[in-house]
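Below: one structure, written as structure tokens.
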Amino acid sequence: PEVFVIVDNGPDFANKSEFLLKTFPNTPAGRDHRSVMVLDSQVVSGFRIIEGIEIIARALHPDVFK
């Protein structure tokens with residue numbers, strides 16, 4: 001993966017991100033230390049899913065949003 005997308009709703013994001021980066025150091029996400037947190041409420045059906053899609057899009061293609 002280019003970016004690790006972590007669905008979270010609390011302070012565990014840093015631990016989860018560190019685990020993935022250390023466990024998969026040879027992936028593009030691991031080499032570039034790229035991970036992003038999306039709240040669980042932003043990936044389920046409903047209005048907030050739009051926010052989740054934008055967060056993931058910005059993580060995958062940051063140059064487009066400059």
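The values are calculated or read from the model by the stated rules, or taken from the named source; none is laboratory data. Being a predicted model, the structure only gives us computed values, none of them experimental. Neighbour counts run over all protein chains shown; Cβ positions are idealised from the backbone, glycine included. Only protein heavy atoms, including side chains, enter the accessible area calculation; ligands, DNA and RNA are left aside. Shrake-Rupley method; radii C 1.70, N 1.55, O 1.52, S 1.80 Å.
Would you confirm whether or not region 55-63 contains a residue that is modelled with pLDDT of 95 or more, of a type in the set (Gly, Ala, Ser) and touching a Leu at 6+ places or on another chain (Cβ under 8 Å)? Among the residues of region 55-63, not one is modelled with pLDDT of 95 or more, of a type in the set (Gly, Ala, Ser) and touching a Leu at 6+ places or on another chain (Cβ under 8 Å), which makes the answer no. Taking the criterion of being open to solvent by 100 Å² or more (accessible area, probe 1.4 Å) and either out of contact with any Phe, Trp or Tyr (no Cβ under 8 Å at 6 or more places or on another chain) or touching a residue at least 40 places away in the same chain (Cβ under 8 Å) (or both), the residues of region 44-66 that qualify are Ser45, Phe47, Ile50, Ile53, His61, Asp63, Val64, Lys66. The set of residues in region 1-13 that are open to solvent by 60 Å² or more (accessible area, probe 1.4 Å) and more than 14 Å from Ala59 (Cβ to Cβ) comprises Asn9, Pro11, Asp12. In region 14-28, the qualifying residues are those that are farther than 20 Å from Arg58 by Cβ and of a type in the set (D, E, K, R), and the one that is surrounded by the fewest Cβ atoms within 10 Å (Cβ to Cβ) is Lys22. Checked against (1) modelled with pLDDT under 95; (2) open to solvent by 70 Å² or more (accessible area, probe 1.4 Å), Arg31 passes all but a single condition, namely (1).
One line per residue, one yes/no per condition, for (1) among the polar types (S, T, N, Q); (2) in contact with a Ser or Thr (Cβ under 6 Å, 6 or more places away or on another chain); (3) in a strand (DSSP E or B):
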residue	(1), (2), (3)
Lys22	no, no, no
Asn26	yes, no, no
Gly30	no, no, no
Val38	no, no, yes
Ile56	no, no, no
